[in-house]
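Quick notes on the structure that follows.
Throughout, read-outs are computed from the coordinates displayed, never taken from laboratory work. Please read all numbers here as calculations on a predicted model, not as lab measurements. Here Cβ is always computed from backbone atoms with ideal geometry, including for glycine, and neighbour counts include all displayed protein chains.
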Amino acid sequence: MTAVYEWLTAASVWWWPRFADHLWQTTVFALVILFASFVLRRGPAHWRHTFCLVASAKFILPAALFVFLAQQTGIQSLSVFRSFQQTGQNALVLSGITGPVATLASSYEVTIVATKAARHQEIYFALTMIWLAGILTLLLLWVIRRRRFLRSLRLGQPRRNGREWQALERARISLQWKREVDLVISPLKLEPAVWRVWRPTVVLPESIASHLNDDELEAIMLHELVHIQRRDNLIGNLQLGLCALLWFHPLVWFINRKLFDEREQVCDERVMEICRVPEAYASSILKVVRFCFGWRMAGVTGAASGSNLRRRIENIMTTGNPKRRTGVASRLLAVGLVGLALLILLAAGVYSHPRASQALTSDTRARSRPSMRKRLSKLSPQVNGIRTATKRIRKSGRKSGTK
């Protein structure tokens, strides 16, 4: 246990400053990208969904990876960033901006008192334990919820006939989807949803068909098939893993919610491109919400999902309205914000390069040398006095020996 504790403590001391700097850089990048998606709020939903995906993916990918990929493509503009990194003072300033936690930790480790070193390491170890406990707790809760959903699926029956199956086949033809999709009719009052990623299954409550006409039922099936075509369940599961990994970061949960909402908007727009009957689709969503109010399942996509149902219905009914189009100024502003985000990304990757830390280390050593010289100069009179007394003792000993 002692060896495991020492290894985990050493790993925590190395990990947390660098991880905190990565979160700092990613947070700034994600805020700029989210603001760009807000500028395009009147545009197509797949733009905003893509922006949210990019912001979410940045929490996993370090900035140094993007710098490496830029170098592999032959981009030489990175030398412009590194020109500011030649002097030690610039390296200190830039590393303090792009990596404030690692810079602070490095300077603290230089000046830390030896008696406080153990307490310093215990703080990092405690952070690791709290972080792991939060991850395990969230994963356990999601496993419990998923098992409940699986119990409801076991009560259902596969269906290859009836109105539901015919509506699913018509939706497949309209979407030109050739892969096989299973249909399960459940006796429980749950939301129409898609289960699994590689072998998708549309789950439908047993009595929902009696509340929908043929056009409405086909629109619901189209919505579920669009989820399958876009592999939204896979993206949702990956996003759940990210939320479990970074459960303490509020921006991760906000992006997860935005992805959830924009995903439904994208499916709505795709369905409206195919069926061209906004009244039937809007009424089908309202009837599904009225029928199965409030069902939620982690990692499962459904037609009645989304936080703002009124906004979804308004967007469905105003599909093709010129007033909903994004203006040229908004597009230019969004492009500028994306460029700013890329600039932040490259700068963070370049200025967090080991050269900056080497410059920081050399500058710290240079600062420590004058202080050591001052201490030695203060101790020099005492050292000289000790040397003089030693010489006198030796002379007196020699004289006594000669006598």
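How big is the C-alpha Rg of segment 17-60 next to the rule-of-thumb value 2.2 N^0.38 Å, as a ratio?
1.26
Expressed in nm to one decimal, what extension gain is obtained for the pair Leu141 and Glu180 from 0.36 nm per residue of sequence separation less their Cα-Cα distance?
10.9 nm
How big, in percent, is the set of alpha carbon pairs in segment 132-193 lying more than 14 Å apart?
So the portion of pairs separated by more than 14 Å is 68 percent.
Take the eigenvalues of the Cα gyration tensor for segment 179-222, scale each by 5, and report the square roots as semi-axes in whole Å, largest first.
Working through the eigenvalues yields semi-axes of 18, 13, 7 Å.
Among 175-184, 241-250, how do they line up from the highest to the lowest mean number of other beta-carbon atoms within 10 Å?
So the peptides 175-184, 241-250, ranked by packing, come out 241-250, 175-184.
Taking R0 as 45 Å, what FRET efficiency do you get between Asp214 and Phe35 from their Cβ-Cβ distance, rounded to the nearest 0.05?
0.55
Return the tail of the calculated pair distribution for segment 220-286, meaning the percent of Cα-Cα pairs more than 17 Å apart.
Here the tail beyond 17 Å accounts for 48 percent of pairs.
Which value in Å does the Kirkwood hydrodynamic radius of segment 136-233 take, with 1/r averaged over all unlike C-alpha pairs and then inverted?
Result for segment 136-233, one decimal place: 14.0 Å.
According to the Kirkwood expression over distinct Cα-Cα pairs, how big is the hydrodynamic radius of segment 123-166, in Å?
Hydrodynamic radius (Kirkwood, Cα pairs) of segment 123-166 is 13.7 Å.
What's the extension gain from Asn256 to Thr318 if we count 0.36 nm per residue and subtract their Cα-Cα distance?
Gain on extension, Asn256 to Thr318, equals 19.7 nm.
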